[in-house]
Structure formats: C-alpha cells, structure tokens
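The values are calculated or read from the model by the stated rules, or taken from the named source; none is laboratory data. This one's a predicted model, so the numbers in the text were calculated from it and none came from an experiment. Quick reminder, even Gly has a Cβ in these numbers, built from the backbone with ideal geometry, and neighbours come from all protein chains shown. Note: areas computed on protein heavy atoms with side chains; ligands, DNA, RNA excluded. Shrake-Rupley method; radii C 1.70, N 1.55, O 1.52, S 1.80 Å.
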Amino acid sequence: MFRPFLQFPPAPLRARWWPNAYDLIAFALLIAAAVALAHAAMETRAPLAALDAAPVSLDPARLPDYALRTTLRMFAAMLASLLFTFTVATWAAKSRRAERLIVPALDILQSVPVLGFLSFTVAAFLGLFPGRQLGAECAAVFAIFTSQAWNMAFSFYQSLRTLPRDLDEVARGFGLSAWQRFWRLEAPFAMPGLVWNAMMSMSGGWFFIVASEAISVGHTTIALPGVGSYLALAIAREDFAAVGWAVAAMAAVIVLCDQLVFRPVVAWADKFRSEQTASQQRPRSWMYELIGRTRAGKRALRPLAWLWQRALCLRLRPRVPVAAAGVAAPASPWPDRLWLAALLLAAAAGAWLALDYGRQHLQADDLRAAFGGGLATLLRVVVLIAIASAIWVPVGVWIGLRPRWAQRAQPVAQLLAAFPANVLFPAAVIAILATGANPDVWLSPLMVLGTQWYILFNVIAGASAVPTDLREAASVYRLRSWTWWRRAIGPAVFPYYVTGALTASGGSWNASIVAELVTWGDRKVEAYGLGSYIARATEAGDFPRIVLGVAVMSLFVTAFNRALWRPLYAYAERRLRLD
C-alpha cells in the first residue's frame with residue numbers, strides 16, 4: 001500500500017503545533033524589526049562625505065528615518081551599558097580590591113560631561129574607520145553610552161550589596177558556584193531595579209541626544225541623520241514648527257519603545273520580586289501576553305531555553321563547601337595594603353601629570369575661574385536635588401505601591417525624562433532677555449529638568465520591590481503617617497533613593513554643560529558656573545581648559561559623593577537589608 005513520504009500529525013497535535021494568529025503578529029513585528037535594522041546598518045556603511053552631499057533636512061517627511069536611526073543608536077548604547085553593568089558592577093560588588101578602584105572611577109566618569117568625552121573620542125573613532133560614517137556612528141553611540149551606563153552600574157551594584165543574607169547563605173549551602181549564584185539569585189534579585197534604571201538611562205540618552213548626534217568640537221562638525229541633529233538644526237534656524245515636529249517624533253518613539261520593549265520587560269521582571277506572599281496586582285503588557293500565547297514561537301525558542309538551562313548547570317569554579325564557624329584562618333592584610341598603595345601611587349602619578357600639563361598651558365586666573373564656577377554649580381546642584389527629593393520621593397512611593405498607576409505613569413515619566421533641555425532654550429532665552437531676569441537663577445531649573453527623574457524612577461523601583469508581606473504587616477499593625485514612613489516604607493526604598501539621588505546629582509553636573517550656556521539663533525544667555533566654562537572651552541576647541549574644567553568637575557563630584565552619598569550607601573548596606 002502506498003504511504004506518503006510526508007505525514008502530518010493528527011488534528012489535536014496539529015492544533016498545538018501549527019502557528020496561530022499570535023505567531024503571525026509576532027512574526028510580522030520580528031520581520032519589521034529586522035528590515036529596519038538592515039536598513040540602518042546599510043546607511044552606516046556610507047562614506048562620511050555623504051553627510052555633506054545630503055545634509056540633515058528639516059522636512060518632516062524625513063523624521064521617520066531619522067527616528068529609526070536615533071532609536072538604533074540608543075539601543076546599541078543600551079546593550080553596551082548592560083554588558084558593562086553585568087561585568088564591572090558585579091566585579092565591584094564581589095571584590096573589595098576592585099571596589100576601591102571601580103566605585104571612585106564610576107564617580108569620576110559620571111561627572112565627566114558628554115561634551116568632555118566627545119572632545120577626546122571623536123578623532124579616535126573617526127581614525128578607526130577613516131572616511132566612513134561608522135566612525136561617527138561609534139562616537140555617537142559612545143556618547144549615549146556615557147549617559148546611560150553609570151546609572152545602571154550603580155543600581156546593579158547597590159542591589160548586589162544589599163542582597164538578603166539568608167538567601168545568600170541558602171545558595172551557598174546548596175553548593176552553588178559563583179556563576180550559578182549570580183544567575184540563580186543575584187541577577188534575578190537585582191532585576192526589578194535594573195529594569196527601571198534601564199528605562200531611566202534610555203531617557204537620559206534622549207536628554208543628551210542633541211550633543212551626541214550634532215557633534216561640534218572645535219573645528220570638527222558632524223551632523224548625523226537623527227532626531228537630535230534635526231532638533232539642533234531647528235534651534236539654529238529658530239524654526240518653532242520644526243522643534244515641535246522633533247518633540248512629536250521623540251514622543252512617538254518613546255511610546256513605541258514603552259509598549260514594545262519596556263512594558264513587557266517590566267511585566268517579565270515582576271516575577272523576580274523578593275516576597276513570600278503572592279502580589280495582588282501585577283503589571284500587565286499586551287506584548288508580553290502576545291508572546292506567551294504563541295505556539296510556533298515558543299517551540300522555536302525551546303532549543304535556546306534548553307541551552308540556557310544547560311549553561312546554568314555549569315560550574316566555572318569548583319564547589320566550595322560552607323566553612324564551619326571558626327575554622328577559616330583570618331586573611332592576611334598585606335595584599336589589601338599593597339593594592340591600596342598601588343592605587344594611591346597611580347593617583348599621585350596622575351595628579352602630577354595633570355599639574356604639569358596645567359602649569360604649561362594654563363594661568364592662575366583659569367584655576368580661579370574653574371573653581372569659582374564649580375562652587376556656583378555645586379550650590380545649584382545641592383538646592384535642586386533637595387527640592388526634587390522633597391517632591392518626587394512621596395510621588396514615587398505612591399506610584400510604586402500601585403502597579404496599575406505605575407503602568408500609566410511609566411510612559412509619561414519616560415517622556416518627561418527624555419524631554420531635552422534644548423527644547424526650552426527658546427522660551428528661556430526670550431523670557432530672560434525680555435524681562436531682564438537673572439540667568440544665574442532662572443537657568444538653574446534646566447539642570448534638573450532631565451535628572452530629577454532618576455530619583456522618581458529609583459523610588460518607584462524600590463516601592464514596587466517592597467514585599468507584599470511587609471505591606472500586609474504594616475497594615476495589620478496599623479502603621480500610619482510618620483511611623484509608616486520611618487518603620488516600613490522609608491527603610492525599604494532608602495537604598496534605591498540613594499542610587500537615584502547619587503545619579504541625579506552626577507547627571508545635574510553633566511546637564512550644567514547645556515543648561516548654563518543656552519542659545520537661540522545668534523542670541524546667548526549665560527549663567528556663571530563650571531558648566532558654562534566647559535561649554536565655552538569646547539566651542540572654542542580649547543583643550544587645556546576643557547581638561548581643567550573636566551578635572552575640576554570630577555574633583556567636586558567625587559568629593560561630594562565621598563562626603564555624603566558613600567556613607568549613606570554604607571548605612572543602607574549595613575542597616576537596611578531585607579533580612
């Protein structure tokens with residue numbers, strides 16, 4: 001009897017095996033993303049001279065292509081930031097010696113403005129790919145990376161340092177290796193906070209997108225096709241309509257990213273919350289539910305899931321049994337002392353080189369101008385962070401304790417956080433010149449416009465991560481008002497607040513570059529401060545004064561962090577663990 005070569009499974013099995021409508025939707029979205037990625041990748045391979053032949057246009061019909069290229073740069077920087085976070089932040093949390101080097105380095109790096117990075121990296125990236133747009137693309141992606149990575153690294157570091165001791169002891173008791181503990185316990189515990197900080201970092205990248213795409217350092221001027229360069233051209237030409245189109249394009253991209261990427265990730269990360277009772281309300285996402293209802297999609301991903309499970313079983317280090325109390329001999333202090341001496345020696349050598357360079361190219365008046373401007377900017381940062389904390393901590397707690405409101409506020413907060421200060425330059429310049437107001441006062445709010453949201457996002461992440469059993473215990477004991485804040489919610493969100501406030505203060509120093517010297521056409525308004533000092537030096541291509549400004553800013557930020565935020569970090573780690 002003839003038997004066909006190809007036999008289909010029975011109808012019940014076919015129903016589970018064949019693609020359904022959700023598979024078709026997911027496949028269409030996947031194809032669209034692949035086509036967009038291929039289109040943008042082909043454009044980056046074009047010669048650099050093509051930017052002069054086809055400069056950025058204010059035609060609104062070009063905005064979809066510009067928005068696509070800007071979005072791909074943002075996600076490329078986000079992937080680099082995640083890789084940086086998982087490696088460097090984990091190393092700092094695991095090794096005391098690495099912590100002594102990495103944490104101060106992060107303090108310094110987050111204080112270096114985007115323009116400071118661009119001043120020294122544009123030529124290097126252009127030299128790697130001579131005559132190609134890829135060099136300029138790499139410079140733009142690196143600049144966006146510098147506005148995203150430090151916040152995510154601090155968040156992940158804080159989460160690993162405040163990991164509940166009982167969970168860590170259980171993992172060690174089961175003999176899990178360091179690799180297994182990281183992926184089974186530590187990364188899941190830190191995931192809710194990392195997701196919210198990733199969203200904030202994406203918005204921070206939007207805040208600096210103008211400086212990242214419309215690169216202008218000395219005699220080097222490159223305008224990459226993107227929303228940032230479109231907005232920079234609109235401001236230079238005083239075109240209010242084009243500014244409105246740019247803001248509308250940014251809003252559309254942020255909403256799409258929220259629906260297609262961030263909201264599904266928030267819904268996925270909710271399962272990693274540390275609690276003993278089930279949550280009554282969970283964040284929902286139509287995209288996350290669509291992926292969960294696919295048939296062929298889930299079957300196609302099964303090999304990857306199997307490989308990942310096998311990878312989690314690997315022991316990259318031999319199992320170390322939990323030592324009995326009193327058996328382990330105390331470690332010798334000499335390796336730590338030698339490492340600290342090496343770090344101090346390297347710092348002294350760097351300081352000597354900087355002083356020698358400054359003595360050859362700078363005058364005493366430059367030092368007075370830089371340090372005087374630094375004190376003025378420091379005063380602005382302290383006042384603005386205090387005001388932002390008083391406003392956004394209560395709001396963040398209220399939103400974080402209500403998942404439904406968190407879902408509604410998420411895209412709105414992202415849009416507000418991504419709102420670039422450049423958009424307000426016309427109103428600020430016109431209002432200050434018309435009224436004769438003091439720019440030292442009225443330009444200050446532009447500094448905190450994009451950085452205050454670090455506090456809000458981190459507090460929302462902390463309140464969302466509060467275990468349900470802790471909330472129920474506070475309700476049972478009828479904790480109200482100040483007692484509730486002091487005994488329950490305050491200690492729970494405090495580590496997250498410290499991370500947000502630390503990053504917000506560093507971001508405010510960064511934002512001073514664009515906030516203390518604003519332009520609208522050929523009109524300029526300048527506030528006295530270190531940010532305007534660096535902006536003027538960057539515009540003139542004055543590298544000695546750029547180096548001085550960046551060094552003074554790094555010194556101020558590092559000293560402020562060491563005096564305030566690091567002791568608060570230590571207090572949160574020592575006293576406010578969820579044990």
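If you wrap the stretch 170-212 in the convex hull of its Cα atoms and look at it from every side, the mean projected area works out to 3.9 nm².
The C-alpha atoms of the stretch 131-225 occupy a region whose extents along the principal axes are 61, 25, 20 Å, arranged from largest to smallest.
Here the sum of -39500 (n - 2.57) over DSSP H runs of 4 or more residues, divided by the residues of the chain, equals -22500 deg cm²/dmol at 222 nm, to the nearest 500. Normalised per residue, the accessible area of the chain is 50 Å², obtained with a 1.4 Å probe and no contribution from ligands, DNA or RNA. Accessible surface for D52 stands near 130 Å², nearest 10, in the context of the full protein assembly shown (1.4 Å probe).
Here is the P(r) of the stretch 49-184: all C-alpha pair distances, binned every 10 Å from 0, give 10, 29, 28, 17, 11, 4, 0 in whole percents.
In the frame of its principal axes, the stretch 180-249 has Cα extents of 55, 30, 15 Å, reported largest first. Close amide H pairs (under 5 Å, H built 1.01 Å from N) link R132 with L48, residues at least 5 positions away or on another chain. Each part gets one Cα centre, and for the stretch 240-254 versus the stretch 163-187 those centres are 46 Å apart.
Built from the Cα atoms of the stretch 456-525, the convex hull projects on average onto 6.6 nm², one quarter of its surface area. For the chain, dividing the convex hull volume of the Cα atoms by the residue count gives 212 Å³ per residue. Cα-Cα pairs above 13 Å in the stretch 439-488: how many percent? Here the long-distance tail beyond 13 Å is 69 percent of all Cα pairs in the stretch 439-488. The trypsin sites (Lys or Arg not before Pro) of the stretch 78-167 include none that DSSP puts in a loop with a beta carbon having at most 15 other beta carbons within 10 Å.
Translational diffusion coefficient, Stokes-Einstein: compute it for the stretch 23-102 using the Kirkwood radius over C-alpha pairs as Rh, at 4 °C and 1.567 mPa s, and state it as an integer in µm² s⁻¹. Answer from the Stokes-Einstein relation: 81 µm²/s. What a 1.4 Å probe finds exposed on the chain is 68% carbon and sulfur by accessible area, rounded to a whole percent.
With all pairs of different C-alpha atoms in the average, the Kirkwood value for the hydrodynamic radius of the stretch 327-410 is 18.6 Å. The percentage of C-alpha pairs in the stretch 534-578 whose separation is greater than 17 Å is 53%.
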